[in-house]
Amino acid sequence: MLCALGVPIGISSCASSPAPANPPEVDRCTFDAKVYPVLARDCGFPACHGDPGRFFRIWSPGRFRLSEDTELLAPATEEELAASFERARSMLAGPADPEDSLLLRKPLAAESGGSAHFGSDNLGRNVYADQRAAGWVAISEWAKGETCP
């Protein structure tokens, strides 16, 4: 098998291909208390990460619900919190520095180090202008290991 820059040229893989990364262990309590409300507010719209077709998905009150049996405005269920937690945690997998993860880079404006996120509003602004945005800070602190007292 020929490889170019660690990428296989052909059907089999190269021995130097990186192994898939596991998501980090992060605190569920902090997620439920600080991060979930931010993600539900800033990301959970039906046209964004409330869309059933997206991998990164947030289920929340007033938006799409995990179960059709859940009332639209009922508080988040344990199942919705757990599923949203696992999806958010999976978006931290890969880089050693959580700030380089998809969860933190995607919603950040490109001029502040963000990456190709298409979640701009009607004025072309991204979800978070920079790393000082309160929502971005909450997610970042959780990703870096903040735990509930």
Within segment 135-147, can you find the residues that are assigned to a helix (DSSP H, G or I), closer than 15 Å to D32 by Cβ and either touching a Gly at 6+ places or on another chain (Cβ under 8 Å) or of a type outside the set (A, V, I, L, M, F, W, C) (or both)?
-> E141
Options A74, A116, A82; residue that is out of contact with any Ser or Thr (no Cβ under 6 Å at 6 or more places or on another chain) and modelled with pLDDT under 90 | A116
Which residues, taken from segment 73-86, are over 16 Å from R41 (Cα atoms) and under 14 Å from the mean Cα position of the chain (by Cα)?
-> A82, A83, E86
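Let's see how each residue does on (1) under 18 Å from A133 (Cα atoms); (2) in contact with a Gly (Cβ under 7 Å, 6 or more places away or on another chain):
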residue: C29; (1), (2): no, no
residue: K34; (1), (2): yes, no
residue: A40; (1), (2): yes, no
residue: C48; (1), (2): no, yes
residue: P52; (1), (2): no, no
residue: R65; (1), (2): no, no
residue: R105; (1), (2): yes, yes
Candidate set: segment 15-31, residues that are out of contact with any helix residue (DSSP H, G or I) (no Cβ under 8 Å at 6 or more places or on another chain) and modelled with pLDDT of 50 or more; chosen: the one farthest from F85 (Cα to Cα) = P20
Counting only residues that are within 15 Å of S101 (Cβ to Cβ), surrounded by fewer than 18 Cβ atoms within 10 Å (Cβ to Cβ) and among the polar types (S, T, N, Q), how many does segment 129-149 have?
-> 1
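The values are calculated or read from the model by the stated rules, or taken from the named source; none is laboratory data. Small disclaimer: the values here were computed from a predicted structure and weren't measured. Here Cβ is always computed from backbone atoms with ideal geometry, including for glycine, and neighbour counts include all displayed protein chains.
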